[in-house]
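The values are calculated or read from the model by the stated rules, or taken from the named source; none is laboratory data. Keep in mind the model is a prediction, meaning the values are calculated, not measured. A quick note on method: Cβ atoms are made from the backbone with ideal geometry, for glycine too, and the neighbour counts reach across all protein chains shown. Only protein heavy atoms, including side chains, enter the accessible area calculation; ligands, DNA and RNA are left aside. Shrake-Rupley method; radii C 1.70, N 1.55, O 1.52, S 1.80 Å.
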Amino acid sequence: MSKFHGIAPAFYACYDKNGEINPDMVRKFTKHLIKKGVHGLYVGGSSGECIYQSVEERKIVLENVMEEARGKLYVIAHVACNNTKDSMELAKHAESLGVDAIASIPPIYFKLPEHAIAKYWNDISSAAPKTPFIIYNIPQLAGVSLTMSLFNEMLKNPMVQGVKNSSMPVQDIQMFKMYGGSEFTVFNGPDEQFVSGRLIGADGGIGGTYAVMSELFIKADLFVNNGENEKARDIQTDIDRIIYKMCSAKGNLYAVMKEIIKRREGLDLGSVRLPLAPLYPEDESVVVEAIELIDNAISKWV
Ligand SMILES: CC(=O)N[C@H](C=O)[C@@H](O)[C@H](O)[C@H](O)CO
Ligand SMILES: CC(=O)C(=O)O
């Protein structure tokens, strides 16, 4: 089994009362997830609110994660900024800290040609020449798809060793697996189809909702490994009910999940940064009902 397998929660941004990065909470949250038994961590991605943080802030987050995580589980650092120079700086910094891989979305806003996207990714990779590079394919948010021509171009770089695939067709996972070569890693992106992603060939998953119910995803992963497909399907159904509930709030999904972690686990990660919407008073019932669903699912399955 490759090092990159199992359950890798996308790390949430940790803020203090004033909305500043809270390094102490970054460490506590890292320790908390390690104790839960997850296999890896994905730091500084969408869930880490990377696009709303400065280069300096993102370095501080990764440094504090690495202090707790080094040698205990794999760490993938998402290093993309929307310009090449800052992304290269973060890539270099991540390599100096000894992360297991770096990852990057494509550049957003301008519709760039594929050769420019490939150059952006290869430049970032060249700033961390000893560290595996994972392409983050998330067309519904990035507005750019990892096409086969772009994928094949990227495979010429031997450090390109995986894709985190968040496109909705599950078959995309199979395609990247098929053409990536035997050592190539593909992570499932959409948490709502984690089990399907694993069954069609994903080595593991990186997900935005894992940290709020890691027990359930660890169990789902185990069911797939053991060929217990009916149980895998049924736990996925319970997971999806929880995700749909959390997504029904007026406030942002990450604000909901941080509130749930605060109440269930006693860790205060703060709120989200604007323009992401914080929790509204009318979200109280969503939080309470989601907690009940999570508690019930954990007592049923774990
Ligand atoms: C669009 C998006 O953010 N996708 C994430 C990464 O793949 C997922 O992990 C979601 O957070 C999750 O599936 C909840 O919808
Ligand atoms: C959700 C996710 O995978 C991310 O943080 O990018």
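Quick notes on this one:
- The range 260-281, subset within 16 Å of ligand 1 (Cβ to nearest atom) and not in a loop (DSSP other than H, G, I, E, B), residue surrounded by the fewest Cβ atoms within 10 Å (Cβ to Cβ): 261
- Options 40, 19; residue that is more than 14 Å from ligand 2 (Cβ to nearest atom) and either surrounded by fewer than 19 Cβ atoms within 10 Å (Cβ to Cβ) or of a type outside the set (Phe, Trp, Tyr) (or both): 19
- Here 102, 76 are screened, and the one residue that is more than 24 Å from residue 253 (Cα to Cα) and surrounded by 19 or more Cβ atoms within 10 Å (Cβ to Cβ) is 102.
- The single condition among (1) among the small types (Gly, Ala, Ser); (2) open to solvent by 40 Å² or more (accessible area, probe 1.4 Å); (3) assigned to a helix (DSSP H, G or I) that residue 290 does not meet is (2).
- From the list 47, 2, the one residue that fits, being part of a loop (DSSP other than H, G, I, E, B) and either surrounded by 15 or more Cβ atoms within 10 Å (Cβ to Cβ) or within 16 Å of ligand 2 (Cβ to nearest atom) (or both), is 47.
- Residues (open to solvent by 10 Å² or more (accessible area, probe 1.4 Å) and either in contact (Cβ under 8 Å) with a residue 40 or more places away in the chain or among the acidic types (Asp, Glu) (or both)) located in the range 210-225: 215, 218, 219
- Residue satisfying all of: in the range 179-192; without any contact (Cβ under 8 Å) to a residue 40 or more places away in the chain and in a helix (DSSP H, G or I); farthest from ligand 1 (Cβ to nearest atom) among these: 179
- Filtered residue count, the range 105-134, keeping only those that are under 16 Å from the mean Cα position of the chain (by Cα) and over 15 Å from residue 155 (Cα atoms): 2
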